[in-house]
Structure formats: structure tokens, C-alpha cells
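K.L.:
Dropping a structure here in C-alpha cells format, bear with me for questions.
The values are calculated or read from the model by the stated rules, or taken from the named source; none is laboratory data. Fair warning: this is a prediction, and the values are worked out from it, not measured in the lab. Ideal geometry is used to build each Cβ from the backbone, glycine not excepted, and the neighbour counts take in all protein chains shown. Side chains included, ligands, DNA and RNA excluded: accessible areas come from the protein's heavy atoms. Shrake-Rupley method; radii C 1.70, N 1.55, O 1.52, S 1.80 Å.
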Amino acid sequence: MANLVEHLYKDHHQWLYRWLLKKLPNRHFAKDITEDTFVGVLKEKKTITPQEPRALLLTIAKGMVSNFYRHQKIEESYLEFIASLPEEYAPDPETQVILLDAIIELDRRLDGLELMVKQAFFLTQLEGLTQAQTAEHLNISIATVQRYIIKALHQCCFADLI
């Protein structure tokens with residue numbers, strides 16, 4: 001497998017890098033995602049065949065580009081929120097980085113869940129609404145809110161195991 005990845009790297013690295021240069025804001029991001037794509041190939045659990053190497057590389061790279069832009073939006077929103085806080089409530093720079101990493105990780109773990117599941121989770125866990133308030137807000141039953149919270153918590157706790 002490592003030998004196949006080595007050949008993929010030699011044969012397609014420059015092509016993938018040039019493709020990513022067109023999709024990303026600068027060459028540093030393109031270089032990082034190019035390398036991460038090949039790491040992603042190594043992590044693939046299925047058998048990798050060399051018949052369609054560019055299709056495989058593009059599939060992995062497109063997912064990484066999508067994540068990159070989603071994380072950029074999260075970071076922009078987070079920084080806007082931090083900037084809106086009174087200075088005495090703003091976390092120190094180190095804490096800001098830790099919080100941002102935690103938010104991005106939470107987003108990664110909740111990725112793929114239905115919007116209503118995420119909304120129920122965020123309303124109860126972050127906004128502090130009760131399950132009854134969340135049910136009323138989303139126009140669903142309390143039992144559904146409970147199922148959604150369990151589903152989101154399960155995804156948060158076991159996302160890496162699935």
C-alpha cells in the first residue's frame with residue numbers, strides 16, 4: 001500500500017497541487033492540503049486501486065477544501081463574536097485558540113447530522129433552553145428533542161469510532 005501511495009505521490013503530486021492552487025487563497029494552503037490528501041490516501045480503509053488515481057485524489061482533496069472553507073467561516077464568526085465582547089469578558093489569546101479548536105472539532109463531529117438535530121443540540125446545550133422550550137421553538141415534541149440530543153451526543157462521543 002505504501003508503495004502505491006509513493007507512486008501516486010510521484011505521478012500526481014504536482015497535478016493535484018496545481019488544481020488546489022485554483023481552489024484556495026494561497027500556495028501555503030494548497031501545499032498543506034496537497035500533503036494532507038496523500039495522508040488521507042494512507043488512511044483510507046478500503047483497497048486502493050491505481051485505475052482511477054486522480055478521481056480518488058480529487059474526492060479526498062475536495063472534502064478537505066470544503067472543510068477548509070467551512071472552518072474559515074467558523075473562525076470568522078468566532079472572531080466577530082470575540083470582537084463584540086466587552087474587553088473584560090474577552091478570553092486571552094491562548095484561550096481563544098483553544099476555544100476555536102474546540103468549536104471546529106465540535107463542528108467536525110456533528111458534520112452529517114440533520115439540521116434539526118444540530119439545532120436541538122445547540123439550543124439546549126449552548127443557548128440553555130429547556131427541552132420544552134426547544135420543542136416549542138422548533139415546533140417538535142419533547143420526545144423528539146430528547147432523541148435529537150441523544151443522537152448529537154452520541155455523534156460527539158463516538159464520531160471517531162464510526
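K.L.:
Starting from residues that are part of a helix (DSSP H, G or I) and among the aliphatic types (A, V, I, L, M), keep the ones in region 76-89 and report whichever is surrounded by the fewest Cβ atoms within 10 Å (Cβ to Cβ).
P.N.:
It comes out as A83.
K.L.:
Just one of E127, E35, E87 is within 30 Å of R147 (Cα to Cα), among the charged types (D, E, K, R) and more than 15 Å from the chain's Cα centre (by Cα); which is it?
P.N.:
Answer to the selection: E127.
K.L.:
Looking at this structure, is V117 free of Cβ contacts under 8 Å to residues at least 40 places away in the same chain and closer than 30 Å to S141 by Cα?
P.N.:
When the stated conditions are applied, V117 passes them.
K.L.:
Just to verify a result, which residue in region 1-51, among those that are in a loop (DSSP other than H, G, I, E, B), at pLDDT 80 or above and over 13 Å from K62 (Cα atoms), is most open to solvent (accessible area, probe 1.4 Å)?
P.N.:
P25
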